[in-house]
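The values are calculated or read from the model by the stated rules, or taken from the named source; none is laboratory data. These numbers were taken from a predicted model, which means no experiment stands behind them. Cβ sites come from the backbone with ideal geometry, for glycine too, and all protein chains shown count toward neighbours.
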Amino acid sequence: MSQQVFKRNRLSAALTAILGVGLMPFAMAAEPADAPAKSQEAADVAAEVAADEPVIEVIEIRGIRGSLYRSMDLKRGANGVVDAISSEELGKFPDTNLAESLQRITGVTVSRANGEGSQITVRGFGPEYNLITLNGRQMPGTGYTRSYNLENLSSEGVKTLEVVKTARADTPTGGLGATVNIITHKPLDNPGQSFSFSGKGMYDESNELGDDITPELAGIYSNTFMDDRIGFMASVSHQERDFRQQTANSQGWIAQVDNNRLPALAADKGIDGREVGSDGKPVANFRDANGNPVAPFFFPRDMNFSINDVERERTNGMLTLQYSPIDSLVLTADYVATRALTASNGFGWGIWNSSTDGASVIGYELDANGTALYSDIRGGDGSFTANRSTTEVNAESLGLNLDWSPNDAWRFTLDYHDSSNEIDNGADKGLGSSGQVILGSDKLISKVYDYRSGEVPHFLINWNNGTHVLDAGDIDSNFSQFIHSPGKSDIEQLQFNTNWYPELMESLTKIDFGASYTKQSMSGTTAWSGLRGGPGFNPSYSAIFPDAMFVREDATALLDALAGGGSGLMPDYYYSFNFDEAVARQLAFITEDIAGDNYYSIDPYFDGIDSSSLVEEKTLALYLTSQWGFEIADVPVNVNLGLRYEQTDVSSTVKQRVESQVVWASPTEWIMQYAPGGDDNYFTQGGDYDVWLPMLDISAEPIDDVVMRFSAGKTIARPLLGDMVAGRSLSGSPKIGARRGGLGNPGLLPLESLNLDVSLEYYYSDASYAAIGLFHKDVDNFVSRSTAEVTIDGLHDVYNSPRYLEAISQLEAAGTPVSENTIFAQMLANGHGNADGQIAPLDSDPLIVWDVTSPINSDSKSVQGIEVALQHVFGESGFGFGVNGTFVEGDVEFDPYSLAQQQPLEGLGDSANFQAFYEKDGLSVKFTYAWRDSYLIGVGQSQGSSDAPPQYAKAFGQLDASINYDVTDYLTVFFEGINLNNETEQGYGRFEEQFLFARQYGTRYALGARVRF
């Protein structure tokens, strides 16, 4: 509790003078003859009373309860459906991570990066379909994207998070799911001096190589000067975190519809669990791209385990200056800057299946859906990988604002900002890129994949040495690759808004109108070294790696929070090695003299070829809204009616590579080669569109403390950046079954959603309310994928060429098992290799058939759902709780039994949150649990088949807790526990049996203190 003495300012002095002058005649007329004496007596009494009168005390509610009060008041007084989270006090937000705070709001869920909340999904619409604004200004996405990564923004300077779920004519567009407005503290809003500083140490139980305790420091200072005419506020925070990520991963699943490609094996070697029809063939429960019934089977392309040791630093700064030369005018300048650095060093080990059907398959067990729970496949390779990357994010925003109210009827605001968000994965000063060094061997008999039990698949390799353990002396260079792909997003925006409070009629309370101009540019560049150092063990360079370079590590502690992980994991070992030594040895020995064009290089720009793309959008907007207040049958009703018009021009420029040929470089690697030069290969396309966006909000209070709402309006979400990039792109590593390409479409129209909301809210006590809401969204111009098989002149295919088929015939005649390894070796033996030991195409070979996908605006989709929330504080007991849930459905779900290209809505799924707290006498204890049901992450797997199979996340629930104790009015100590239940992240493909990933991060604890005055 804080005390504030009311002082007479200019306004109160003026009111006193006006009242005094106005009452003087009445006082004089009523004054009797002895008035002077009585007046003096009254003055003496008044002086005595004033002397004895206590100072008026203002009770400021801080902490959890204060935050709940303010959030509830915002929700109750808002137009449309709005939820909010308020800071508990200056410099203290409920969560350090803003995304973690947002997931407490009904209908909001988060996607995670490195175990932390990163991006949000609202009512089933993912990050690309939600808009983030800072003080009403549209913020750029992180790098070459529309999505804003909230984990990079500190919460210390944030006052309120508003989530606007219904249409508003006066806000920037792009939030089809919702618009999240981050409102920061302003010094003139809280006159006087205030200061808060906090420091804590974070212990992450997953950490192995970094510091056991990492710091997090934050401070905010605010003050006003010259009779509160000038205000200054500055905040800064710095966070460090060291942790280890443990992962199991499969890059994709291959669908095969030709059951003749599934070998008929002995009963103990080949088990097919699919339903069989009267004809003895599997029942066709699936449909292919043309709608024909099929009975596919599915095998994994690979299986890998990895550990990544991560060091993360985040520094935020915020500066605000305000000047009010007269009472009616406020000038504000603010600057926000963020720098986030994430460095990762890791090791991985796994298997690669060059072929997933035919003679290479020597064992399998399929379930009822045709998914391989077990496989034993010849060919391919086993590998041990070292990776290194450092990614830097730099974001900044400079803003200027003029707020002028010349009289009670008018208010004008002019706002300008220039904001950017840049990401660079080449922040490693020694490397300048993200690097991956893959060593291993193809000297094997077969590889076994087993997911018949547990939550994590296992794999084993039957090496030629007769064991499941590769000898260190047999480790060879598979390939290395180095990628540099920086991206940047810029927004320059000017907004002019007018508020008019007319006296035209009693029911018309306010008219708002204004205009804005927004220029947004998003650019990205990609440079790739290609596959360097072999590739694919062709030729062999095992001699350059001494046995002593490799350290055999124990893997039996990996993923121990998952069934099948830990001590039961297979394989139970991996080899680690020094990244720098592996690079140095290959640079020294795999030179141009030795390897020709395949010489080893860590420069992603070594061949002078790179690709870049730029998308620019320029939007002019006009809007008009009106607010009405009246009564119907003694029921107060408020209406907000508005219209927004926008005109957007789009241009996309891309620098394209010119493809030369695809060579078969090794049994497991196919490489696209490009023509030299290409500096003039720029291609530009454009598009434009305009939209009218009406909106209507109606709220009524039929009985005290019960609010009914109805909202209707249209919102938009702009097309995904990747879909708008002009030109064509083809895979740089076009393995068999993965010959894919993309064709952009800058002329895509935005998604337009007609939204309907109905809600009922009951504010039955202080900081307590119950609410239920229904929502429905009809989305037009939904983007779907059109895939066509195309051939490109000059790109010929070694696969299924006469030379390729001849090699297969020779192997079958000799009784040699047919696999990519043996076919490649036979073709070399037949004299079809070039000087580099690779097989290049001939003009007489068939053209490669590419699956080229292009986005198009197509059909309409709908989403509907229900939101429920209850917040209750048990009087003055100090106890309280909050619970909410969102349940959604729609015709936008992925059909796992269709092999056609689909465009479902990513992120759609149910969610719930629970919060319980106790706060009294300086002690605050809070437990929060956030749950999210399984949901679609996206379509397309990096090494999946061309039918673009899905990626799903399993249900996730995380328990957090915090304890705060006020030692004095100025000092608080606190403890935090994050992910106390050690929840893991898991993902799958069409069915849960099609494993994609499992990630384990462990629990984090923090102990700290906060001072304030």
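Conditions tested, residue by residue: (1) out of contact with any Lys or Arg (no Cβ under 9 Å at 6 or more places or on another chain); (2) in a strand (DSSP E or B); (3) without any contact (Cβ under 8 Å) to a residue 24 or more places away in the chain; (4) of a type in the set (Lys, Arg).
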residue	(1), (2), (3), (4)
Glu919	no, yes, no, no
Val925	yes, yes, no, no
Thr928	no, yes, no, no
Asn964	no, yes, no, no
Thr968	yes, no, yes, no
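Of the strands (runs of 3 or more DSSP E) that lie entirely inside segment 632-724, those containing 3 or more residues that are of a type in the set (D, E, K, R) span 635-655, 682-703.
Scanning segment 712-742 for residues that are among the aliphatic types (A, V, I, L, M) and either closer than 26 Å to Ser801 by Cα or at pLDDT 85 or above (or both) returns Ala712, Ile716, Ala717, Leu730, Ile736, Ala738. Looking across segment 554-577, the residues that are surrounded by fewer than 14 Cβ atoms within 10 Å (Cβ to Cβ) and either in contact with a strand residue (DSSP E or B) (Cβ under 8 Å, 6 or more places away or on another chain) or assigned to a helix (DSSP H, G or I) (or both) come down to Asp554, Ser567. Scan segment 591-604 and tell me whether some residue there is crowded, with 19+ Cβ neighbours inside 10 Å and outside any loop (DSSP other than H, G, I, E, B). Yes, segment 591-604 has at least one match. Per the conditions (1) in the same structural domain as Ile120 (by TED's automatic domain parsing); (2) crowded, with 17+ Cβ neighbours inside 10 Å; (3) over 28 Å from the mean Cα position of the chain (by Cα), the sole criterion not satisfied by Ile182 is (3).
For every residue, the table says whether it meets (1) within 20 Å of Gly977 (Cα to Cα); (2) of a type outside the set (S, T, N, Q); (3) more than 12 Å from the chain's Cα centre (by Cα).
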| position | (1), (2), (3) |
| --- | --- |
| Asn97 | yes, no, yes |
| Ser101 | yes, no, yes |
| Thr106 | no, no, yes |
| Val110 | yes, yes, no |
| Asn114 | yes, no, no |
| Glu128 | no, yes, no |
| Leu131 | no, yes, yes |
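One residue stands out in segment 861-893 among those that are under 25 Å from the mean Cα position of the chain (by Cα) and in a loop (DSSP other than H, G, I, E, B): the one that is surrounded by the fewest Cβ atoms within 10 Å (Cβ to Cβ), namely Asp891.
Among the criteria (1) surrounded by fewer than 15 Cβ atoms within 10 Å (Cβ to Cβ); (2) within 30 Å of Phe775 (Cβ to Cβ), the one Leu209 does not fulfil is (2).
Filtered by the rule that a residue be more than 30 Å from the chain's Cα centre (by Cα) and over 30 Å from Asn114 (Cα atoms), segment 379-400 gives Gly379, Gly380. None of Gly280, Gly346, Gly291, Gly317 is farther than 30 Å from Gly231 by Cβ and either in a strand (DSSP E or B) or β-branched (Val, Ile, Thr) (or both) except Gly346. For segment 894-938, taking the residues that are crowded, with 17+ Cβ neighbours inside 10 Å and among the charged types (D, E, K, R), the one that is farthest from the chain's Cα centre (by Cα) is identified as Glu919.
If only residues of segment 688-704 that are farther than 11 Å from Asn640 by Cα and either β-branched (Val, Ile, Thr) or touching a Ser or Thr at 6+ places or on another chain (Cβ under 9 Å) (or both) are counted, the one that is surrounded by the most Cβ atoms within 10 Å (Cβ to Cβ) is Leu693.
For segment 633-656, the set of residues classified as charged (D, E, K, R) and surrounded by fewer than 21 Cβ atoms within 10 Å (Cβ to Cβ) consists of Asp634, Glu646, Asp649, Lys655, listed by residue number. Residues that are closer than 30 Å to Ser819 by Cβ, of a type in the set (Val, Ile, Thr) and not in a strand (DSSP E or B) do not occur anywhere in segment 767-789. Scanning segment 523-549 for residues that are more than 18 Å from Asn834 (Cβ to Cβ) and among the polar types (S, T, N, Q) gives Ser523, Thr525, Thr526, Ser529, Ser542. The sole residue among Ser196, Ser235 that is over 30 Å from Asn781 (Cβ atoms) and buried (at least 22 other Cβ atoms within 10 Å of the Cβ) is Ser235. Checked against the criterion of being buried (at least 18 other Cβ atoms within 10 Å of the Cβ), outside any strand (DSSP E or B) and hydrophobic (A, V, I, L, M, F, W, C), segment 427-435 contains one or more residues that satisfy it.
Among the conditions (1) β-branched (Val, Ile, Thr); (2) over 29 Å from the mean Cα position of the chain (by Cα); (3) more than 30 Å from Ser576 (Cβ to Cβ), the only one that Val551 does not satisfy is (3). Report yes if some residue within segment 612-622 is modelled with pLDDT of 95 or more, surrounded by 17 or more Cβ atoms within 10 Å (Cβ to Cβ) and either farther than 30 Å from Ile736 by Cα or within 34 Å of the chain's Cα centre (by Cα) (or both); otherwise report no. Yes, segment 612-622 has at least one match.
Annotation: of all residues in segment 705-719 being more than 18 Å from Lys777 (Cβ to Cβ) and surrounded by fewer than 18 Cβ atoms within 10 Å (Cβ to Cβ), the one that is nearest to the chain's Cα centre (by Cα) is Met708.
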